[in-house]
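The values are calculated or read from the model by the stated rules, or taken from the named source; none is laboratory data. Just so it is clear, the structure is predicted and the values come from calculations on it, not from any experiment. Positions of Cβ are backbone-derived with ideal geometry, glycine not excepted, and every protein chain shown enters the neighbour counts. Protein only, heavy atoms only, side chains kept; ligands, DNA and RNA dropped before computing areas. Shrake-Rupley method; radii C 1.70, N 1.55, O 1.52, S 1.80 Å.
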Amino acid sequence: MSMFASPRSFLRHVDLSTLDLFVLTCQSGSIARAAAQGQLVASAVSKRIAELESLAQTPLLLRHARGVRPTAAGELLLRHAHAILQEVEYLRADLSEYARGVRGVVRLSANASAVEQFLPEDIAAFMREHAEIRIDLRQATSRRVAQAVRDGEADLGICSPSDEAGGLESLPYRRERMVLVMPRTHPLAEHQQLAYEQALDHAQIGLRDSSIIQETLSRAAQSGRRMLRQRIEVDSLSAMCRMIECDLGVGVMPEGAYQSVGRPRRLRAVPLTDTWAERTLNLYAVSFAELPAAARHFVASLSQ
């Protein structure tokens, strides 16, 4: 049976500075070196680690001729200590920002389509009215965006609808239109609009990890009993444009993203007529009513 009746009882016996010394000891492989880095004497560090081992009720370090290394239990503690100390550093940074006048952080996760097309202007407009609020923006695939909101890693998510978004609250954000991008000299460049099936005779440039677009294109190819000739996968829409510019294939992307990253290049974008080529980006939250004040202000700004 655990010697601690409750999580709070355990918490009262855990000391952050001792965790920090334990991490220093494991990283340096020596109690003496950890003591030097922590500006303590070696006996004080040794005593703190002994207290930690007493708390854990198991050895945490193996002593050997050249120093120390963590036991299996020590490795487990080391992983948790890293995570705890990282969260403490986040807390310190956030409190420091409040001291400088920042009055909140919006944790926002969004797919590449939203980041490349709409969010820069929307964030700029919000920041002009709310300079005291910081935006922590992370880009991810639509499925990963929805999962980040569900797991509490982000307050808000902006992405295409997906199975992972089921159960989350949503608001419409923007509509986007997909275009086929190609070199200006490409055989399809003379068209004013295209069905995606017409592009299947040509090599394709894909967007790595963009699972929803990729699945859509694969289904479109399968419905016509065709094969998707995807030659290269890239990590960004700007990289896709660069590959297309070098005549390595054609690619599908949102029209707004093409206007931002592709239009200055020697490229042509032709609208697609397929029903899936018009799609909605949604704003997601676990509960809009229970968002932190800063995130509620951001939602209100996007809804204007």
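Assorted remarks:
- If you check Ala5, Ala36 for being aliphatic (A, V, I, L, M) and either at pLDDT 85 or above or within 18 Å of Val88 (Cα to Cα) (or both), only one passes: Ala36.
- Flag if Ile205 is open to solvent by less than 10 Å² (accessible area, probe 1.4 Å) and of a type in the set (A, V, I, L, M, F, W, C): yes
- Looking across the stretch 118-150, the residues that are open to solvent by 60 Å² or more (accessible area, probe 1.4 Å) and either over 27 Å from Glu215 (Cβ atoms) or part of a loop (DSSP other than H, G, I, E, B) (or both) come down to Pro120, Glu121, Met127, Arg128, Glu129, Ala131, Glu132, Arg134.
- Arg69 being open to solvent by 40 Å² or more (accessible area, probe 1.4 Å), among the charged types (D, E, K, R), outside any helix (DSSP H, G or I) and closer than 30 Å to Leu21 by Cα: yes
- Filter result (within 16 Å of the chain's Cα centre (by Cα) and open to solvent by 10 Å² or more (accessible area, probe 1.4 Å)) within the stretch 155-164: Asp155, Glu164
- Any hit, the stretch 183-196, residues being open to solvent by less than 60 Å² (accessible area, probe 1.4 Å), under 22 Å from Leu267 (Cα atoms), among the small types (Gly, Ala, Ser) and out of contact with any Gly (no Cβ under 6 Å at 6 or more places or on another chain): yes
- All conditions but one from (1) in contact (Cβ under 8 Å) with a residue 12 or more places away in the chain; (2) part of a loop (DSSP other than H, G, I, E, B) apply to Gly74; the one that does not is (2).
- Arg177 meets all of the listed conditions (1) under 30 Å from Ala294 (Cβ atoms); (2) open to solvent by 30 Å² or more (accessible area, probe 1.4 Å); (3) touching an Asp or Glu at 6+ places or on another chain (Cβ under 8 Å) but one, namely (1).
- Within the stretch 211-304, helices (runs of 4 or more DSSP H) holding 2 or more residues that are free of Cβ contacts under 8 Å to residues at least 40 places away in the same chain and loosely packed, with under 15 Cβ neighbours inside 10 Å: 211-223
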